[in-house]
Amino acid sequence: MNASSAAVSPQEVVETLAFFDDWEDRYRYIIDLGRELPAMPEAHKREDLLVRGCQSQAWLDWREEGGRIVFEADSDALIVRGLIALILAAYDRRTPREILDFDIDDYFARLDLLRHISPTRGNGLRAMVQRIRDIARSLAMA
Amino acid sequence: MSARFDAERLRGVFPLLAQEINGKPLVYLDNAATTQKPDRVIDAVARYYRTINSNVHRGAHTLSDHATGAFEDARDAVRAFINAPSREQVIWTRGTTESINLVAHSFARGRLGAGDRILVSGMAHHSNIVPWQLAAQATGASVVPIPVTDDARLDLDAFRALLDARVRLVALEHVSNAMGTIHPVAEIIAAAHAAGVPVLLDGAQSVGHLPVDVQALDVDFYAFSGHKMFAPTGIGVLYGKRAWLEAMTPYQGGGEMIETVGFDHTTYARLPYRFEAGTPHIAGAIGMAAAIDWLGGIDREAAARHEDALLAHALELARELPGFRLLGRAPQKVAVLSFVIDGAHPQDVGTLLDQQGVAVRSGHHCAQPVMSRFGVPGTVRASFSLYNTHAEVERLFAALHKARSFL
Ligand SMILES: Cc1ncc(COP(=O)(O)O)c(C=O)c1O
């Protein structure tokens, strides 16, 4: 397996974040995840892959590999990259069915992030989750 | 010599400022987006709903008389606040955006034709760009930006060169929200008038900082929002010269704006009601009057000096912040610190400041063209008001140093 974000599991993410009791450690962890997320080549950041946030931009691409969806995503903001890594921990290299069955709201709630990092804060995370689920749905139906 | 301006005491009447955010005392530095409200304003709005709420200009009952009286008194308060020659020239709107749309629709469209031009500030807020684009699209005219200099001023030589026979209107902000620049509006208006061109000023960012005298400015239209000058959201004003207002067609149709209605003929109400279709934001207007009343008790020159001192203090602390790059270095500016930190995305900086209780804005500030002009996707903007303190400037920079250590 290559060094993709799927290297961390959602369970690990939840446990790690639960372990920290102050915002600084949580954010340092999220930022580290952001730094580890493989960068998309600039030429790859096409307009049609853009997921618009209010204050930052994010891109999402995907391909199918043996019945699983491999995602590639990036953002110009580091914290958003970290949040993307959190999302990809749940979604990357899963089957369309697994993606659709995954309870993302519960995941966010368990991350206890909603308090600090609300998906409505214009960071485009909701839109990215939506796009991932749409992709999974279109493949699940095919 | 005036005594030191007592922001600490002034804050006491802003209940919102006393709270904690993310476990830290709030440092509110997003005043260019909206200012907080003093007790005087909050109480006036509550008192209106508790005691005299009823529709204006309609009811044959006492409460309606009280509400109408308070609503119209508020118009008088605004008239005096901007020194308009008459109350008929003070039109209530939802805010700056609606005021500009009103002028674009009822004034500009009828005067524009193919090949005509509207000159618009190169650092305008989107609400002072898009309404003109809509009017231009409908008429074959075009919207031409006034170029911006490296230190975030409007290039006046370029402006004069653009001011030719094709220009029908000049629209610019009195004070820039993205950069803080105070434009030399008197000079710009005089030049435009010499060429026979009327001028609209977007006063959204000026009313909370500077005294405004529409007659001294000789401005044709002045638009502003209550919520950026300590008044409620949802209320704003359009001031216009009488001759223009009288020649303008209505903007929206409905109740309040008519004299008589028949299916074959409708006559419109006189000024200002012709432009105030529907039930207005009565509580908002009353809140606006309360804000003006509150401002009237403040030494505004001392307040402006205090804000300048906050900005100077911030700039001094900025020298010790590695990678800090200020945008908007105009010599005449309000206390707006629009900046980037090299290698850090403005949104990341904003998020990390928020965790420390410091509220700033990050992003393009609804002024994308000027962001492109300076080659940045956005900035972090700390915008100060008269209730901010030097201790808060220090909190901002301590928070920035910490944010930087993360990024
Ligand atoms: C310069 C400027 N113009 C216009 C506006 C729009 O004001 P409002 O949203 O109150 O209509 C703003 C507010 O952000 C502004 O700063």
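The values are calculated or read from the model by the stated rules, or taken from the named source; none is laboratory data. Remember, it's a predicted structure, so these values are computed and weren't measured experimentally. When we count neighbours, we look across all protein chains shown, and the Cβ atoms used for this are built from the backbone with ideal geometry, even at glycine. Keep in mind that these areas ignore ligands, DNA and RNA; they rest on the heavy atoms of the full protein, side chains included. Shrake-Rupley method; radii C 1.70, N 1.55, O 1.52, S 1.80 Å.
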## Note on the structure
Residue hits (segment B:306-354; surrounded by fewer than 17 Cβ atoms within 10 Å (Cβ to Cβ) and within 14 Å of another protein chain (Cβ to nearest Cβ)) are B:D342, B:G343
### Task
Output the number of the condition that B:A382 fails; it satisfies all remaining conditions of (1) more than 12 Å from chain A (Cβ to nearest Cβ); (2) in contact with a His (Cβ under 8 Å, 6 or more places away or on another chain).
(2)
#### Entry: Answer residue from segment B:218-230, given it is open to solvent by less than 10 Å² (accessible area, probe 1.4 Å) and within 11 Å of the ligand (Cβ to nearest atom) and is nearest to the other protein chains (Cβ to nearest Cβ) among those
B:S225
### Summary
Sole miss for B:A303 among (1) open to solvent by 10 Å² or more (accessible area, probe 1.4 Å); (2) under 19 Å from B:G208 (Cα atoms) is condition (1)
### Task
Within segment A:60-86, track down each residue that is within 14 Å of chain B (Cβ to nearest Cβ) and more than 18 Å from A:F108 (Cβ to Cβ).
A:D74, A:D76, A:A77, A:L78
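Rundown of residues vs (1) open to solvent by less than 10 Å² (accessible area, probe 1.4 Å); (2) in contact (Cβ under 8 Å) with a residue 12 or more places away in the chain, yes/no style:
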| site | (1), (2) |
| --- | --- |
| B:G253 | no, yes |
| B:I258 | no, no |
| B:H265 | no, no |
| B:F275 | no, yes |
| B:T279 | no, yes |
| B:A283 | yes, yes |
| B:A289 | no, yes |
| B:D293 | no, yes |
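Any chance segment B:355-364 includes a residue that's more than 14 Å from chain A (Cβ to nearest Cβ) and charged (D, E, K, R)?
no
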### Task
Would you please name the residue that is nearest to B:G343 (Cα to Cα), looking only at residues in segment A:71-106 that are open to solvent by less than 10 Å² (accessible area, probe 1.4 Å) and not in a helix (DSSP H, G or I)?
A:A77
### Message
I'd like the full set of residues that are closer than 22 Å to B:S142 by Cα, away from the ligand (no atom under 11 Å from the Cβ) and either within 14 Å of another protein chain (Cβ to nearest Cβ) or of a type in the set (G, A, S) (or both), limited to segment B:168-210.
### Response
B:A191, B:A192, B:A194, B:A195, B:G196
### Message
Checking the structure you have, find out if any residue of segment B:152-161 is away from the ligand (no atom under 15 Å from the Cβ) and open to solvent by less than 30 Å² (accessible area, probe 1.4 Å).
### Response
yes
### Message
Can you tell me which condition B:V56 does not meet? The list is (1) open to solvent by less than 60 Å² (accessible area, probe 1.4 Å); (2) in contact with a Pro (Cβ under 8 Å, 6 or more places away or on another chain); (3) at pLDDT 95 or above, and all the others hold.
### Response
(3)
### Task
Among what's in segment A:11-33 and is at pLDDT 90 or above and open to solvent by less than 20 Å² (accessible area, probe 1.4 Å), pick the residue that is farthest from A:W62 (Cα to Cα).
A:Y27
#### Entry: Flag for B:A32 being assigned to a loop (DSSP other than H, G, I, E, B), within 16 Å of the ligand (Cβ to nearest atom) and open to solvent by less than 10 Å² (accessible area, probe 1.4 Å)
yes
### Query
Taking segment B:77-115 only, how many residues are under 15 Å from the mean Cα position of the chain (by Cα) and aromatic (F, W, Y)?
2
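What number of residues within segment B:365-379 are open to solvent by less than 10 Å² (accessible area, probe 1.4 Å) and either modelled with pLDDT of 95 or more or within 14 Å of another protein chain (Cβ to nearest Cβ) (or both)?
Of the residues in segment B:365-379, 5 are open to solvent by less than 10 Å² (accessible area, probe 1.4 Å) and either modelled with pLDDT of 95 or more or within 14 Å of another protein chain (Cβ to nearest Cβ) (or both).
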### Query
Of (1) more than 13 Å from the chain's Cα centre (by Cα); (2) modelled with pLDDT of 90 or more, A:E36 satisfies all except one. Which?
(1)
